[in-house]
Amino acid sequence: MSYNLQMNVGLPANSFPVAGVVFAWAMPSSGAGYELPLFEIADALEDPKLSIWLHLNLSNSQVQRWLEKTSLVPERVVEMIREGVNLSRLERIEKLDDCLLMVMNDFQQEFGGDHGDSSLGTLWAILTPRLMISLRNNPLRTTDKLRYDLRNGQLNPVSAIEIFHELLDLRAEQLRTLLVHLSENMDDLEENLLKGREFPEHENLGRIRIQCSRLRRHFSPELIALHRLLKRLPYWFSDEDKNSLNDDLDLLSYLVQEITSLYDRAKVLQDEQAAHVAEFNAKNLQVLSVMTVIFLPMTLISGIMGMNMEDLPGLKGSFYEVMVIMAIAGAAVFATLKLKRII
């Protein structure tokens, strides 16, 4: 069964989920792409001369119903998307006839938040020869950046496959920016340690390690899925598309290695910090031990000379007997510690 998009959508124009459309972009073969008005999307989908990118809000119930009814997307793909929404995220790529389903990671768009945040969201991408449908539950950075670049003329893709490559490139750029931010933080921490400055809180390094661990846990399976796709690409991928995908794979492999490198750096720096803290505590204990030894004779003499046994029954005039008892008690404690190999 083939889903080549050259026939009717199978739904009337007024049934298209306009409320769930985040963005729509048309790409004629001439290359002069333009943003599609919402109420022209249904007609544009029927035009065999247009390639289209639809960016939809999956949390919208109209979008979910449209996916179930449209003939543009295989039923099995819709089932896998529904399973992915209800279950945990699983990075994978599935090929069904003329359709590819890609479950990918993207960075959530935290408005007013720190750009170095690594909160991840799920991006579903359905790719056919002339249509790419991207779906998300929450705003994502890469798709928002792709919309911005298209509107400002910085990108001019002419096919659905080409806009998919642009999506992968922009996401890799977002990941690279985050890794540069984390690497700069690591450089500052390492510089402070080498110069002997006051070391930051332990939670800073722990946060970097957690971020790197999360990124590696999510992007490594995706890298494996892309490698598997490269071995069994659909027939409608040209040689140029294969080369572009190979370049995307090389870049993602490099970034995953950088994530691992940052994780290892954070681990080594945490161990170094722990060693410095242990050395600092040992020096303080040594100072306390020296001070104790210095004042031990004075404490002992003042304690002995300050004893008043005149008022204690049975101990009047028994100074030497008390000294003997103290010596025996001290020897017993020493012998016990020696027997237990504490000293």
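Throughout, read-outs are computed from the coordinates displayed, never taken from laboratory work. Everything quoted here is computed from the prediction, not taken from an experiment. Here the Cβ is made from the backbone with ideal geometry for all residues, glycine too, and neighbour counts use every protein chain on show.
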Check: Using helices alone, what [θ] at 222 nm do you get for the chain, with -39,500 (n - 2.57) per DSSP H run of 4 or more residues, divided over all residues and rounded to the nearest 500?
Finding: -19500 deg cm²/dmol
Note to self: Over the chain, what is the relative contact order in percent, taking alpha-carbon pairs closer than 8 angstrom and at least six residues apart?
What the structure shows: 14 percent
Check: Per residue, what volume in Å³ does the Cα convex hull of the chain take up?
Finding: 244 Å³
Margin query: Need the full-extension length gain, LYS267 to GLU83, defined as separation in residues times 0.36 nm minus the C-alpha distance. One decimal, nm.
Written below: 62.6 nm
Notebook entry, point to check: Using DSSP loop states and a limit of at most 12 other Cβ atoms within 10 Å to flag chymotrypsin sites (Phe, Trp or Tyr not before Pro), what is the longest stretch of the chain containing no flagged site?
Noted result: 112-234
Notebook entry, point to check: Given DSSP loops and a limit of at most 16 other Cβ atoms within 10 Å, what is the longest stretch of the chain that contains no such GluC sites (Glu not before Pro)?
Noted result: 1-109
Next item on the list: Among the listed pairs LYS195/LYS267; LYS49/LYS231; LYS69/LYS95; LYS195/LYS283, give every one whose C-alpha distance is greater than 24 Å.
Entry: LYS49/LYS231
Checklist line | Cα lying deepest toward the dipole's positive end in the chain, options LEU300, VAL21, SER253, charges on Cβ | finding: LEU300
Check: Which FRET efficiency, nearest 0.05, do ASN243 and ASN152 yield, Cβ-Cβ r, R0 30 Å?
Finding: 0.65
Notebook entry, point to check: Based on Cβ point charges of +1 for Lys and Arg and -1 for Asp and Glu, what charge dipole magnitude is obtained for the chain about its Cα centre, in debye rounded to the nearest 20?
Noted result: 1140 debye
